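One structure, pasted below without further comment.
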Amino acid sequence: MTVLLLALALALLALPLLWGPLPRTGRIAMSGFDGKGVLAGFVVTFAVAALTSPLLGFGFLVAVLIHETGSALACRIAGQEIARIRLVPLPRLARPRSDRGFDHALEESFVALYAPALALVPMTLAFGLFAVLAPVLPMTANLLRATAIMIGAFNFVMLLPFRPLCGGRVTEAVSDAFWPRLGLAAKLFMTAAFAIAALRDHSLAMGMLAAAGLQSLFHRRRPAQDRLSANEALLVMASYAFVLTTHFLGGYWLIKGLI
């Protein structure tokens, strides 16, 4: 019960995230909710369920929808006229979340961190409900636990410092404020670490992360963007570290199993 009460308190504290002032013009559109998109989403979800479990496959679908909804809402708060909720947010399979880039790195960092920060609420609520319902409704409790674990693991991966993931956009914005070459150094270090882990442990998950890091080295970012000030960079870095650590703890069981 204590865990559930703490989760409810966190949900109350997070309510202002949903009350941000939205521009009067513009809209949130749906993208990929057609035959091709539904089929692609089914294939990806089935693959995740096959590699993990059906419960975690359901949690993956919930995690994606929460992330896409939060990201679209963040784009609207940041002033984007069109923001899209994408069923399958994969390159070449989905339209861009917004039609134009961000003029300031603070806006891009806000959008990148908004959805993972918002996902902390359903993750902690699911863990809290699991603790309460486990003795009386074990099947429902297990579904909630699996969903919470997948939300944590999914957002942890999204926050890795690789473009075009959320974490890559944040780490580049922070590194540009202090040392522009730091972002490249972090990518090289993480890519090499994942590649070594994949070869040592014969881990498919580590190999996929190493491939993600390798492709991020060739990602060309939008050059005309105002940088973060020193104070803004410290705030963004602290927020990033907190959200990343919390999702790692939430998804630790799955992350450890994949490693």
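The values are calculated or read from the model by the stated rules, or taken from the named source; none is laboratory data. Quick caveat: nothing in here was measured; it's all calculated off a predicted structure. When we count neighbours, we look across all protein chains shown, and the Cβ atoms used for this are built from the backbone with ideal geometry, even at glycine. To get the accessible areas, we keep the full protein, side chains included, count just its heavy atoms, and leave off ligands, DNA and RNA. Shrake-Rupley method; radii C 1.70, N 1.55, O 1.52, S 1.80 Å.
Largest first, how would 103, 176 line up by accessible area (1.4 Å probe)?
Putting 103, 176 in descending order of accessible area: 103, 176.
If we count every other residue with Cβ under 13 angstrom of residue 31's Cβ, Lys/Arg +1 and Asp/Glu -1, where does the sum land?
Overall, the nearby charge balance is +3.
Roughly speaking, what is the centre-to-centre gap between the range 114-184 and the range 38-110 when only Cα atoms are used, to the nearest Å?
Between the Cα centre of the range 114-184 and that of the range 38-110, the gap is 13 Å.
Continuing with this model, one more query. For the range 45-55, what does the Karplus curve 6.51 cos²θ - 1.76 cosθ + 1.60, with θ = phi - 60°, yield as ³J(HN,Hα) per residue in whole Hz, taken in order and with x for Gly and Pro?
So the Karplus estimates, Gly and Pro as x, are 5, 5, 5, 5, 5, 5, 7, 10, 6, x, 5 Hz.
In whole Hz and in residue order, list the ³J(HN,Hα) couplings for the range 58-71 that follow from phi through the Karplus curve 6.51 cos²θ - 1.76 cosθ + 1.60, θ = phi - 60°; x for Gly and Pro.
Values per residue, Gly and Pro as x: 5, x, 4, 4, 5, 4, 5, 5, 5, 5, 5, 5, x, 5 Hz.
Another question, if that's okay. Go through the range 74-148 and name the trypsin sites (Lys or Arg not before Pro) that are in a DSSP coil and have 13 or fewer other Cβ atoms within 10 Å of their Cβ.
Sparse-neighbourhood loop trypsin sites (Lys or Arg not before Pro): 92, 100.
Moving to a separate point now. Calculate one ³J(HN,Hα) per residue across the range 166-178 by plugging θ = phi - 60° into the Karplus curve 6.51 cos²θ - 1.76 cosθ + 1.60, and present them in order as whole Hz with x for glycine and proline.
Couplings: 4, x, x, 5, 6, 5, 5, 5, 5, 5, 5, 6, 10 Hz.
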